[in-house]
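Presented below is the structure to which this report refers.
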């Protein structure tokens with residue numbers, strides 16, 4: 001660390017403090033001009049030097065907010081959170097946070113200014129949920145700045161997000177329409193049919209299903225182990241597999257004999273492709289659900305095929321994730337308890353499972369009421 005003084009014009013002085021950033025290990029400098037004497041400039045520089053030595057974090061809060069955000073992403077999020085989460089933070093920063101705050105300093109982000117930022121997003125027409133996601137990135141980053149003693153308080157605390165939450169609609173294929181959907185899928189293409197059949201039978205997420213390898217299937221015990229998810233945007237096969245969505249997403253589930261028989265047939269069918277393609281087949285991926293050359297199923301192909309199958313079957317437009325909800329509905333209709341369902345589908349909490357149930361409880365109540373009415377008719381002879 002060192003101090004240099006310079007008279008940049010008659011009677012006006014500037015100081016520069018050279019120091020090493022202990023986080024990035026890079027050499028940086030702090031400077032300020034406008035002092036009317038060399039002694040005054042030296043005293044100011046010595047005060048900054050003292051701050052940097054005794055409380056580097058607070059002294060370095062003079063950095064611009066946008067530079068802090070980039071450091072925060074690199075030092076505290078990269079290779080710590082899942083790739084999708086990292087990219088979400090990065091997108092929020094580049095698209096929303098930096099364009100609004102521009103060159104403002106970290107220490108100048110005050111509660112009133114931050115509230116204006118959230119209100120700005122609302123005025124731009126963004127949904128409450130979108131604003132909540134952006135707010136999550138800002139809150140997380142500024143909370144770290146607070147714990148690093150770079151700001152005196154987290155300015156996002158107490159902020160209010162405008163807008164109304166949209167009622168979440170749980171979408172699924174009615175159990176009566178499942179045979180029609182699967183028949184149409186089979187006509188559309190075998191690869192997509194077996195993939196969607198598996199999702200309906202197990203309730204796994206599309207990324208989980210796409211990442212399943214043959215080593216995850218236990219034919220003797222009739223189980224499948226979910227321990228990874230597929231990154232559809234991976235740049236190489238080496239980056240293809242990632243961690244599941246949550247800790248509870250890692251699970252081993254039992255599957256029906258009917259599905260196990262279909263998987264055995266699917267393995268034979270796949271082995272024929274391996275024999276024909278030989279070295280051109282991606283043996284190293286060992287995927288259960290894949291294209292004929294063993295490469296992973298593209299996200300766009302799944303979306304397009306699912307949309308077309310629904311259209312050909314005359315069914316309403318749904319997201320692929322609806323197959324997961326379809327499985328939960330089937331379990332509820334079969335009388336499964338909520339805790340067992342939570343464990344099978346890998347919901348992060350019991351509340352998520354309960355939320356799904358709350359959206360279809362009326363349908364189940366009607367079904368149970370019909371059973372009760374028929375039972376009472378038998379007893380009373382009505």
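The values are calculated or read from the model by the stated rules, or taken from the named source; none is laboratory data. No experiment lies behind these values; they were computed from the predicted model shown. Neighbour counts run over all protein chains shown; Cβ positions are idealised from the backbone, glycine included.
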Would a scan of the range 341-357 turn up a residue that is part of a loop (DSSP other than H, G, I, E, B), in contact with a helix residue (DSSP H, G or I) (Cβ under 9 Å, 6 or more places away or on another chain) and at pLDDT below 70? yes
Check off (1) in contact with a strand residue (DSSP E or B) (Cβ under 9 Å, 6 or more places away or on another chain); (2) modelled with pLDDT under 85; (3) under 23 Å from residue 88 (Cβ atoms) for residue 226 and give me the number that stays unchecked. (2)
Tally time: how many residues in the range 215-242 are assigned to a helix (DSSP H, G or I) and either in contact with a helix residue (DSSP H, G or I) (Cβ under 7 Å, 6 or more places away or on another chain) or exposed (fewer than 12 other Cβ atoms within 10 Å of the Cβ) (or both)? 3
Would you be able to say whether some residue in the range 87-99 is within 30 Å of residue 198 (Cβ to Cβ) and in contact (Cβ under 8 Å) with a residue 40 or more places away in the chain? yes
Taking the residues in the range 21-74 that are in a loop (DSSP other than H, G, I, E, B) and within 34 Å of the chain's Cα centre (by Cα) as candidates, determine which candidate is modelled with the lowest pLDDT. 23
Which residues, counting only those in the range 268-299, are on the phi > 0 side of the Ramachandran plot and in a loop (DSSP other than H, G, I, E, B)? 286, 294
Just to be sure I understand, how many residues within the range 147-156 are over 19 Å from residue 67 (Cβ atoms) and under 23 Å from the mean Cα position of the chain (by Cα)? 0
With the structure loaded, tell me whether residue 206 is within 21 Å of the chain's Cα centre (by Cα) and crowded, with 20+ Cβ neighbours inside 10 Å or whether it fails that test. yes
Checked the range 163-199 for anything modelled with pLDDT under 95 and under 23 Å from the mean Cα position of the chain (by Cα); matches are 163, 164, 165, 166, 167, 168, 169, 170, 171, 172
Consider the range 117-159. How many of its residues are farther than 23 Å from residue 77 by Cα, part of a loop (DSSP other than H, G, I, E, B) and free of Cβ contacts under 8 Å to residues at least 40 places away in the same chain? 4
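So that you can scan it fast, the table gives a plain yes or no per residue for (1) assigned to a helix (DSSP H, G or I); (2) touching a residue at least 60 places away in the same chain (Cβ under 8 Å); (3) touching a strand residue (DSSP E or B) at 6+ places or on another chain (Cβ under 7 Å); (4) surrounded by 12 or more Cβ atoms within 10 Å (Cβ to Cβ):
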position: 252; (1), (2), (3), (4): no, no, yes, yes
position: 259; (1), (2), (3), (4): yes, yes, no, yes
position: 266; (1), (2), (3), (4): yes, yes, no, yes
position: 311; (1), (2), (3), (4): yes, no, no, yes
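Hey, does the range 308-317 have a residue that's in the same structural domain as residue 219 (by TED's automatic domain parsing) and within 21 Å of residue 225 (Cβ to Cβ)?
No, the range 308-317 contains no residue that is in the same structural domain as residue 219 (by TED's automatic domain parsing) and within 21 Å of residue 225 (Cβ to Cβ).
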